[in-house]
Amino acid sequence: MMHWRGRVYRLRFLCCGKRVWELRSSLLTLLLGCCVLVLLHFLIMNETVDQGVYFASLPLPEDPGLAPLGVMAVEELPNSGSSRLPRRIHQTWKTEQIPHSMIAWIKSWTKNHPDWEYWLWTDSSARQLIKERFPNLLHVYDAYPNNIQRADALRYVVLHEFGGVYADLDMESLKPLDPLTFRYSCFVGQEPYVHPIMDTNTQTLVINAFMACQQKHPFLKMVVDTLPDFAHMWSFLDSTGPHFLSYVFQKYTRDHPQYPPEHVNGTYLAPAEYFYPNIDPEKFGYVYKKCADYNTLSALQRRACHSLKRSRPEAERRLLAFTDHHWIHTYLSVKVSLRKPVPIQDVVPDVKIYS
């Protein structure tokens, strides 16, 4: 009897030991996996490859007759005067809790514009604004299938109602915008030329990640009034984003040739170098591969490839720019931050929230 019990106890001990060993093995595997994920996250979040370095090895034939794209210097702008638009900075986020990775870029705006108001628009304050100021647009706003469409529509409404500057949270301010505001009542930027050239063989695409305008400007009124007409479009690029804004910009300038850019009702389309000095890193591989297939490209695309190959260093490009866009794509990003979000009041103590 005792012999039989000893075998049972020994069997139980062996089973228990095996389970402990399996548990320890599983925990070690889980810990190792977490370490790998943290390392990959760190590498991805901190990956910085200059486009000049990346595209310097492009295998392109010599073609000295192709002039580089873009401008090489900032236009002569007034050093003093009265701002032609309200000194307000508008940014949007889902809540008042801001991702830690955006803090430095937010502070760059308040640092370079210390006497400007800073406004943050959340999902709740955004809907309240549209309900109160544009009730006829509310059903369109609510029906958008994607949050990015609501964020796009909001920025147009905010600028129309309050005026000032709108900037995505991944836009970094490099220097004050005052010289531009002394000359223009409304100005927008265009995507790096390479983007539309490689995608559609066209050079100009107006982007809405940064815009500056006086309130009630007729261009903004046309933008807001046109939103319902494009609400059925499947892609956010077409319904509210850059394709939509480009269409309205072209229509406005075509319908109002009497308004040059410096006119109070004019709209200035700034060179891409002013606000978007770097192309989207997610496009690097796609553009490189397309440029390498040189014989299939149009003359404009070949010119774009040579311009990329001869890119000036990033430091020089940033000296020319007023802002830099970091192309975070928060509406698509699946990156998980390892740091907790921060209340906007901790970043900008005198922030204004619409209520």
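The values are calculated or read from the model by the stated rules, or taken from the named source; none is laboratory data. Model, not experiment: these values are computed from the prediction. Positions of Cβ are backbone-derived with ideal geometry, glycine not excepted, and every protein chain shown enters the neighbour counts. What goes into the accessible areas is simple: the full protein's heavy atoms, side chains included, and nothing from ligands, DNA or RNA. Shrake-Rupley method; radii C 1.70, N 1.55, O 1.52, S 1.80 Å.
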Item to complete: Quick one: pull the percent of accessible area on segment 204-256 belonging to carbon and sulfur, 1.4 Å probe, ligands and nucleic acids left out.
Response: 58
Worksheet item: Which three semi-axes in whole Å describe the equivalent ellipsoid of segment 148-256, each the square root of 5 times a Cα gyration tensor eigenvalue, listed largest first?
Response: 21, 18, 14
Worksheet item: Heavy-atom accessible area of Met222 with all protein chains present, probe 1.4 Å, nearest 10 Å²?
Response: 40
Fill in: Packing-based ranking, highest mean first, of 136-147, 184-195, 210-221 given that Cβ atoms within 10 Å are counted
184-195, 210-221, 136-147
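About the Cα centre of segment 178-332, what is the dipole size in debye to 20, counting +1 per Lys and Arg Cβ and -1 per Asp and Glu Cβ, all else neutral?
Details: 15 positive and 15 negative charges, 88 e Å.
It works out to roughly 420 debye.
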Worksheet item: Size of the dipole of segment 266-355 about the Cα centre, Lys and Arg at +1 and Asp and Glu at -1 on the beta carbon, nothing else charged, in debye to 20?
Response: 360
Response to the item:
P(r) of segment 94-180 over all Cα-Cα pairs, 5 Å bins starting at 0, rounded to whole percent, reads 2, 12, 22, 22, 19, 12, 8, 2
Worksheet item: Dipole size in debye (nearest 20) for segment 68-189 around its Cα centre, Lys and Arg Cβ +1, Asp and Glu Cβ -1?
Response: 140
Item to complete: Could you tell me which of Ala212, Asn147, Pro277 has its Cα farthest along the dipole of segment 136-283 towards the positive end, charges placed at Cβ (Lys, Arg +1; Asp, Glu -1), taken about the Cα centre?
Response: Ala212
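For segment 240-355, report the accessible area per residue in Å² (1.4 Å probe, heavy atoms, rounded to an integer). It would help to have the intermediate numbers written out before the result.
Numbers: 6060 Å² over 116 residues.
On a per-residue basis, 52 Å².
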Worksheet entry | Whole-angstrom gap from segment 82-110 to segment 121-191, using each part's C-alpha centre | 12
Worksheet entry | Which of Tyr247, Ser311, Thr267, positive extreme of dipole for segment 229-328 (C-beta unit charges) | Ser311
